[in-house]
Amino acid sequence: FCSVRLSFIQIFLTGFVLCLCLGLFCAFSAHSVSLDGKWSLRNSDGSVAGSGSVPGCVHSALQQLGYIQDPYFRFNDVAYRWIAFDNWTYTTTFNTSEQSKQKVVLVLDGVDTVASVQLNGFTLGGTDNMFRSYAFSVRPLLKEAENVLSISLASPVLYASQRRKAHSAYPVPPECPPDVQNGQCHVNFIRKEQSSFSWDWGPSFPTLGLWRGVHLEAFDVLCVPLWSYHSFPLCCVDSSASRWSVQVELMVDAVQTSDGLVSVSIPELFSDQTYQSRFLQGRTKNTFILHINTSTEVDLWWPRGHGDQNSYRLRVRGLRDGSVLFSQESKVYFRTVELVQEPVPGSPGLSFFFRINSKPVFLKGSNWIPAHAFQDQVTPDILLNLLHSAADANMNALRVWGGGVYEQDQFYDLCDHMGIMVWQDFMFACAMYPTEADFIQTVRSEVIQQVQRLKSHPSIIIWSGNNENEAALATNWFDIPESHRATYVKDYVTLYVENIRALVQQEDPSRPFLVSSPTNGAESEREGWVASNPYDPHFGDTHFYSYEDDCWDWSTFPRTRFASEFGFQSWPSFSTLKTVSVDDDWSYDSNFSSHRQHHEHGNQQMLRQAALHFHLPNSTDALKRFTHTLYMTQVMQAQCVKAQTEFYRRSQTEIIDGKGRTMGALYWQLNDIWPAPSWSSIEFGGKWKMLHYFAQDFFAAVLPVGFEDDGTLLIYAVSDLSPDLTLRAVVSVHSWSGLDPVCTLRSDLVLVPGGSAVVVLKQEVAALLAGCGRCTRLSCLLTFHLEDGTGVQRGPSNYHFLCSPKDAEGLRKANITVRDRRFKVRAVTLRSDAVAPFVWLDVGNIAGRFSSNGFLMVSADRTVGFTPWRPTSVSQLSTSLSVTSLRDVY
Ligand code: BMA
């Protein structure tokens, strides 16, 4: 690892080996005894009682016990508020013979959140942080029979409010979320998923529970409760360095100081080393560095689209007197990451991009939020499906946003495996935070534990201190009087710089650390960590939202170095909403529709944005008008995010007016926490919205982007591939009223270097139409694609509308029939008698996805594949299929 700092130039280079963590391994007839399973659960006065699963939470348990219905149904988020105002106790009894061991440790992997822990009537201690584990030495307290372990959880809402009251010197805003969220106050005072008190896309379910496992570790000599590693190249200038090292860290809990040998090996790389070591009594970190054999070439881990995700087996063994103390194997990966912030010729400010294994990589993807309000219900299947969906939409990166949770190990394992890069926030979002000693102390434990748990994953390429808190301070979201500003800046620096950043750099120097997102990075640091304008497009990353501006007008977007958030809302499909609503709710202005919308004026904003280019649904059939409106919001969202993402991708090479070299586009947001309107491209339950189908195209490795600049049509070729390509644009002019192209235009062949965006066609629209007979802006539209010198199409086809579809002349209701329902071969063929924009196939709640959807039909026939995610009969599919296109809604 090395870090080069030249005035404003900052480069982090890190190499890495990573691995998985690894559970514990204990020595000498050691045991790990799980206490997971059914515990008894009761509220404070015993009026609600039954059993609850561990891992689990109170809400999930009450639903299983029948005390409550589906919390997501209609207005239940409000109806079940009482749960989080009560205190709850989980109790289990167990028999054990572990007291025969020298040491027994009770480990709580995750307590949500504030609790007192008692064993056999003795108080072991308290917990106050959902994001860390707790360990208590318990051997003297154990009995052979009937041990009683109880964990009493305090109301998180009341706890947060008490902490707020105790912080009397000055407020720590925001006090409460906006009313429209129906949420709870002061979540910034409790180390808990910040969105669990409500968010602008999520319900208020302040959970309580044991959300991770509980177990006993019992051993005689020593135990290794945690291990992790990272690798680094010995030469820090050239990451293709042939010499790599792997740093292995073992957290060892030893009953007494003892000597032993530790051997570390990667057999496939012919590398192994044995170390004499002394394990000191108690819990200590022991570090070993394995130098990789120079004669062997190391295959690197690459982000998807840039190479394979190569891995090796790493083996670690502890030996004493010829016997094995512990032995563990894991995957280990090699890669380097740099965040490059250096002067850009022709542009003030600094670059901001990632170099992976020395190669600049454009990050394409979105932002990840918690996949469920009740984390115990996030199954491996759900994670797998969401991450597959991200990969299938050609994403190579996700940002784990700072208002949720540090995800479970499986999430990062899958990202490693799929080559999805992770931008990992620490869990602080959209707020100021207190800095009392005990708050800082618990955050410090959280940071150390999370970094140790996660740093072995090659997918994680950056740590980031918080979501939007630099921006909140800089642009004064909370109306802090100028005279008090210094106090908040001081708290900000104390928390994120002096504590979190310092700890991360100590625990994991192998990755870059950013204090916030958005931030100006090195420039923010120069300005004392809070830049005057953290949204400055010349530096760092930006978040950009504008709901009222016309999203088809690219000139409204910031030509940023890196777009880490941008987006538009839409509604989920009717089949998803149906599961949580009743007939009365099915209109756009119902109480239900307002209640689900947690973003002030969100429902109106969607319609206003849609109305800029489309006729709004006007069916006299109320249900139809509702479902058509849901469809229309998805059309609007898909078009808006497409326009913005294409703008960012085509801005990766140029500098215009001193701005550009955009190297990342992560839209807000990938997934949903419940069925409701939001910025997501995937609905709760996994169904793809139109946006997600669009993402498949706009994130394609080779992409044609078309737009107009002052009456001139430009087509760019964007390529993420390594080899240079030679491409031309092929543009077809279609009349809205007919299916055959009116004329076709081909550009010259142009060199498109690997990892660049270049202009391949430039032509005045007026001249183009004049040369195309009877076309006008209102009567015609353009489709285009890229072709190589041999006439082979590269990348998807794309389109450019010369007017708003609401003004299109000749656009008529297409009669689209399903000609061939070959569901057995997972395909349907559509036939249309007219140009049809935004053709949407829907099979209701049958889980699966189409090969493409929401497309523009400019030819009579189109065959679309369908991949079911669960066994589904042909007749089910056939009867569920519906087809909608733009002219059907008005
Ligand atoms: C960003 C995010 C979230 C929020 C989203 C939409 O600022 O960081 O806090 O949900 O905008 O408003």
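All of the numbers you see were taken from the coordinates with simple rules; none came from a lab. Being a predicted model, the structure only gives us computed values, none of them experimental. Ideal geometry is used to build each Cβ from the backbone, glycine not excepted, and the neighbour counts take in all protein chains shown.
Annotations
- Residues in the range 137-152 that a label on Val33 would reach, taking backbone N under 13 Å of a point 7 Å out along Cα→Cβ: 138-149
- Cross-link partners for Lys687 among the aspartates and glutamates, with Cα-Cα distance under 13 Å and sequence neighbours closer than 8 places in the same chain left out: Asp672, Asp842.
- Segment Val759-Ser51, extension gain: residue separation times 0.36 nm, minus the distance between their alpha carbons: 248.4 nm
- The chain: mean projected area of Cα convex hull, nm²: 38.2
- In this structure, the residue pairs whose Cα-Cα separation is over 26 Å, taken from Lys165/Lys490; Lys364/Lys659; Lys285/Lys490, are Lys285/Lys490.
- Hydrodynamic radius of the range 816-888 per Kirkwood, over alpha carbon pairs, in Å: 12.3
- Extension gain, Val78-Asp321: 0.36 nm per intervening residue step, less the Cα-Cα distance, totals 81.2 nm.
- Averaging 1/r over every pair of different alpha carbons in the range 31-217 and inverting the result gives a Kirkwood radius of 17.4 Å.
- FRET efficiency, Ala166 to Gln377 (Cβ-Cβ, R0 22 Å, nearest 0.05): 0.05
- Note on the range 252-397: Rg/Rh from C-alpha atoms, Kirkwood Rh, equals 1.09.
- Near-label residues of the range 254-286 by backbone N, under 11 Å of a point 7 Å along Cα→Cβ of Thr296: 265-273
- Sorted from longest to shortest, the spans of the Cα atoms of the range 124-213 along the three principal axes equal 54, 32, 18 Å.
- At full extension, Thr829 and Ala766 could sit 19.1 nm farther apart than now, given 0.36 nm per residue minus the alpha carbon distance.
- Spin-label model, Arg608 to Arg819: label points 7 Å out along the Cα-to-beta-carbon direction sit 4.4 nm apart.
- With contributions of -39500 (n - 2.57) from each DSSP H run of at least four residues, the per-residue ellipticity at 222 nm computed over the chain stands at -5000 deg cm²/dmol.
- Look at where the Cα atoms of the range 696-720 and of the range 67-143 average out, and the two centres are 54 Å apart.
- Rule-of-thumb Rg ratio for the range 369-509 [Cα; 2.2 N^0.38 Å; N residues]: 1.15
- Here the contact order of the chain, divided by its residue count and restricted to Cα pairs under 8 Å and six or more residues apart, works out to 11 percent.
- Around His598: net Lys/Arg minus Asp/Glu count, Cβ-Cβ under 14 Å: -4
- Which of Ile292, Ile461 has the fewest Cβ neighbours within 10 Å, and the rest in rising order: Ile292, Ile461
- Remark: Asp128, Asp45, Asp479 ranked as Asp479, Asp45, Asp128, counting other beta-carbon atoms within 10 Å and listing the fewest first.
- Dipole of the chain, positive end: most advanced residue of Gly521, Asn396, Gln194 [Cβ charges, Cα centre]: Asn396
- For the range 261-367, the list of GluC sites (Glu not before Pro) that fall in a loop by DSSP and count at most 16 other C-beta atoms within 10 angstrom reads Glu297.
- The label-point distance for Asp740 and Glu600, in a model that sets each label 7 Å from Cα toward Cβ, rounds to 5.7 nm.
- Counting neighbouring beta carbons within 10 Å and listing from fewest to most, the residues Met130, Met418 come out as Met418, Met130.
- The magnitude of the dipole of the chain, with charges of +1 and -1 set on the Cβ of Lys/Arg and Asp/Glu and taken from the Cα centre, is near 1260 debye.
- In this entry, the range 221-333 is assigned a mean projected area of 7.6 nm², taken as a quarter of its C-alpha convex hull surface.
- Shape annotation for the range 693-769: C-alpha extents along the principal axes are 40, 28, 22 Å, from largest to smallest.
- Pairs with C-alpha atoms separated by more than 22 Å, drawn from the list Lys101/Lys143; Lys689/Lys762; Lys578/Lys689; Lys359/Lys762; Lys455/Lys689; Lys38/Lys578, are Lys689/Lys762; Lys359/Lys762; Lys455/Lys689; Lys38/Lys578.
- Between Lys143 and Gln256, the simple spin-label model (points 7 angstrom out along Cα→Cβ) gives 3.1 nm.
- Diffusion coefficient, µm² s⁻¹, Stokes-Einstein with Kirkwood Rh over alpha-carbon pairs of the range 746-890 at 4 °C and 1.567 mPa s: 73
- Beta bridges from DSSP with both residues in the chain: antiparallel share about 85 percent, rounded to the nearest 5.
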